[in-house]
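Below is one structure, written out as structure tokens, with a few remarks after it.
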Amino acid sequence: MSSRNSALKQAAVAPASTQAKPGWDVRLQEWLPKLVLAPSFLVSLIFVYGFIGWSAVLSFTNSRMLPTYNFVGFEQYVRLFTNERWLVAAKNLLIFGGLFMIICLALGALLAVLLDQRIRQEGAIRTIYLYPMALSFIVTGTAWKWILNPGLGLEKLMKDLGFENFTFDWLVNPDMAIYTLVIAGVWQSSGFVMAMFLAGLRGVDTSMVKAAQLDGASMPYIYWRIVLPCLRPVVFSAVMILAHIAIKSFDLVMALTGGGPGYATDLPATFMYAHAFTRSQIGLGSASAIMMLAGVLALLVPYLYSELRSKRNG
């Protein structure tokens, strides 16, 4: 009996090297996901983050038509913030981005609340609201350029109907042209925000709503004080997506206004394109691109920090 017990103890304490090693099929299963994702990871590393890093390097050089590596420090950034056209583009981004996000959030939340009442033909109405998001900004800009053209669209239609004094010349008015971008952007993106809010509303516990109704609370009060505060993650996600759309807006501007009249509707994306590709100022264009990236990071980093902090505290 003692010899048997000692044999069992020796087997229990046998070194790991004498135990059975995993076969090739097990190792292949472990490494297969990594091997499949490796090409995509490598492509993203080179063509996304690699080019971001290259743009950052070029922003510190005096590159013009072709990249050079004669470093000039922050000279390009000084030129950027003393450039009148860049200041106009930054101001336009604040106007366009602010109105675009606020109106999309308000309109999307309102449409979601209305659809959440289980109305008839909800699926058809939801599809109509979402349809503009299926279009590209090029199509949206071209369509609204026709609609807002004083000699072709809305103004001409109203005059043909007998309203001879009706005018709507925002598209050719330097002071109002930036708001045409807001109109087109809201038309395309508010349906997407509606879908996000509607998905969030359908995930809210209905027992809270019923309890508030039993206490005599009205539906507007319930949505404002109980339901919408539960949608904080949806609001943050919508803000991030809308801000990203606003900062990188290029195709909408080029299709609708072309940056004009003059450069009244320039945004940082069109400024970067104009200087990097049409005026052979790669260094200045790279500096503007890095400032756009900084704008995105200024929104993304606090959001990620708050999310990670809430998860850690939770």
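The values are calculated or read from the model by the stated rules, or taken from the named source; none is laboratory data. Because the structure is a prediction, the values reported are computed rather than measured. FYI the Cβ positions are ideal-geometry reconstructions off the backbone, even for glycines, and counts take in every protein chain you see. With ligands, DNA and RNA removed, areas are computed over all heavy atoms of the protein, side chains included. Shrake-Rupley method; radii C 1.70, N 1.55, O 1.52, S 1.80 Å.
Observations on the structure shown:
- Number of the condition not met by Y305 [criteria: (1) over 17 Å from the mean Cα position of the chain (by Cα); (2) farther than 18 Å from K91 by Cβ; (3) open to solvent by less than 30 Å² (accessible area, probe 1.4 Å)]: (3)
- Some residue of the stretch 65-80 being among the hydroxyl-bearing types (S, T, Y), modelled with pLDDT under 90, open to solvent by 80 Å² or more (accessible area, probe 1.4 Å) and farther than 16 Å from A289 by Cα: yes
- Subset of the stretch 55-104 (residues that are under 21 Å from the mean Cα position of the chain (by Cα) and of a type in the set (D, E, K, R)): K91
- In the stretch 82-119, the residues that are touching a residue at least 24 places away in the same chain (Cβ under 8 Å) and open to solvent by 60 Å² or more (accessible area, probe 1.4 Å): L99, I103, L107
- Unique residue being out of contact with any strand residue (DSSP E or B) (no Cβ under 9 Å at 6 or more places or on another chain), at pLDDT 90 or above and open to solvent by 30 Å² or more (accessible area, probe 1.4 Å) when the list is I178, I147: I147
- Any hit, the stretch 272-293, residues being touching a residue at least 40 places away in the same chain (Cβ under 8 Å) and among the β-branched types (V, I, T): yes
- Filtered by the rule that a residue be over 16 Å from L111 (Cβ atoms), part of a helix (DSSP H, G or I) and at pLDDT 80 or above, the stretch 186-209 gives S207, M208.
- Residue pairs meeting the criteria (Cβ under 7 Å; at least 6 apart or on separate chains; first under 20 Å from W144 (Cα atoms), in the stretch 161-174; second open to solvent by 60 Å² or more (accessible area, probe 1.4 Å) and part of a loop (DSSP other than H, G, I, E, B)): P174/G262
- Among the residues listed as V296, V204, the single one being in contact with a His (Cβ under 9 Å, 6 or more places away or on another chain), β-branched (V, I, T) and without any contact (Cβ under 8 Å) to a residue 60 or more places away in the chain: V296
Residues checked against (1) more than 29 Å from A298 (Cα to Cα); (2) at pLDDT 90 or above; (3) among the aliphatic types (A, V, I, L, M); (4) touching a strand residue (DSSP E or B) at 6+ places or on another chain (Cβ under 9 Å):
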{"site": "G151", "(1), (2), (3), (4)": "yes, no, no, no"}
{"site": "G216", "(1), (2), (3), (4)": "yes, no, no, no"}
{"site": "V227", "(1), (2), (3), (4)": "no, no, yes, no"}
{"site": "R232", "(1), (2), (3), (4)": "no, no, no, no"}
